[in-house]
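**Student:** Supplied in structure tokens, the structure appears directly below.
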Amino acid sequence: MDTSIFFARLWGSFFVIFGCLFVITRQLGKTIEMTDNKSFVISTGYISMLMGLVTVILHNIWAINWTGVITILGWSTLIKGILKIGFPEFIHEQAQRFKKKQFLSTLFMIFLGIWLLWRSFY
């Protein structure tokens with residue numbers, strides 16, 4: 001399987017699953033509230049950093065097409081993980097600003113996931 005297709009399916013599935021869970025359970029608001037717990041932010045930072053690092057190492061393709069989106073996702077996830085580990089207070093502040101836009105962001109996440117899955121199969 002091509003690396004780009006693998007990551008499109010991985011990220012697409014991830015976004016669709018989590019996006020739907022956030023809509024159905026309204027869990028995103030609870031997750032945002034948990035950012036006041038430094039241990040939670042740092043532990044999720046390690047997960048984000050690992051996901052981003054794997055994507056960047058295996059798929060660092062800068063192109064102006066759907067494969068470039070995967071690279072941007074990898075780099076942004078890596079940077080987000082580093083910020084979560086190093087600056088958990090900053091993440092908490094950003095999460096509080098994000099709270100007002102959570103529904104639109106969740107819809108964007110679902111549509112991005114559907115688009116990535118579509119690109120990986122067709």
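**Student:** Among the numbered conditions (1) surrounded by fewer than 17 Cβ atoms within 10 Å (Cβ to Cβ); (2) in contact (Cβ under 8 Å) with a residue 12 or more places away in the chain; (3) of a type outside the set (F, W, Y), tell me where K30 comes up short.
**Tutor:** (2)
**Student:** Quick check: is even one residue across segment 21-39 in contact with a His (Cβ under 8 Å, 6 or more places away or on another chain) and either modelled with pLDDT of 90 or more or assigned to a helix (DSSP H, G or I) (or both)?
**Tutor:** yes
**Student:** Here's something else I'd like to know. Being of a type outside the set (A, V, I, L, M) and assigned to a helix (DSSP H, G or I) is the filter here; which residues of segment 40-62 pass it?
**Tutor:** Residues satisfying the conditions are F40, S43, T44, G45, Y46, S48, G52, T55.
**Student:** How many residues, within segment 80-104, are in contact (Cβ under 8 Å) with a residue 24 or more places away in the chain and in contact with a helix residue (DSSP H, G or I) (Cβ under 7 Å, 6 or more places away or on another chain)?
**Tutor:** 13
**Student:** While we're here: When only residues in segment 113-122 that are among the aromatic types (F, W, Y) and either in contact with a Gly (Cβ under 7 Å, 6 or more places away or on another chain) or loosely packed, with under 15 Cβ neighbours inside 10 Å (or both) count, which is farthest from T35 (Cα to Cα)?
**Tutor:** Checking each candidate, the answer is Y122.
**Student:** What is the residue count in segment 87-112 for residues that are surrounded by 17 or more Cβ atoms within 10 Å (Cβ to Cβ) and over 19 Å from T44 (Cβ atoms)?
**Tutor:** Final tally of qualifying residues: 2.
**Student:** Another question about this same structure. May I ask you to list the residues in segment 97-122 that are more than 14 Å from the chain's Cα centre (by Cα) and either closer than 14 Å to F7 by Cβ or of a type in the set (S, T, Y) (or both)?
**Tutor:** W115, L117, R119, S120, F121, Y122
**Student:** Right, something else. Which residue, of G68, G81, G29, is in contact with a Gly (Cβ under 8 Å, 6 or more places away or on another chain) and at negative phi?
**Tutor:** Sole residue among the options that is in contact with a Gly (Cβ under 8 Å, 6 or more places away or on another chain) and at negative phi: G81.
**Student:** So, T67, is that one within 25 Å of L21 (Cα to Cα), surrounded by 14 or more Cβ atoms within 10 Å (Cβ to Cβ) and among the β-branched types (V, I, T) or not?
**Tutor:** Criteria not met by T67.
**Student:** Still on this structure: If we keep just the residues of segment 40-64 that are over 14 Å from the mean Cα position of the chain (by Cα) and small (G, A, S), which is surrounded by the fewest Cβ atoms within 10 Å (Cβ to Cβ)?
**Tutor:** This residue is A63.
The values are calculated or read from the model by the stated rules, or taken from the named source; none is laboratory data. A quick note: this is a predicted structure, and the numbers were derived from the prediction, not measured. In this analysis, Cβ positions are derived from the backbone assuming ideal geometry, glycine residues included, and neighbour counts consider all displayed protein chains.
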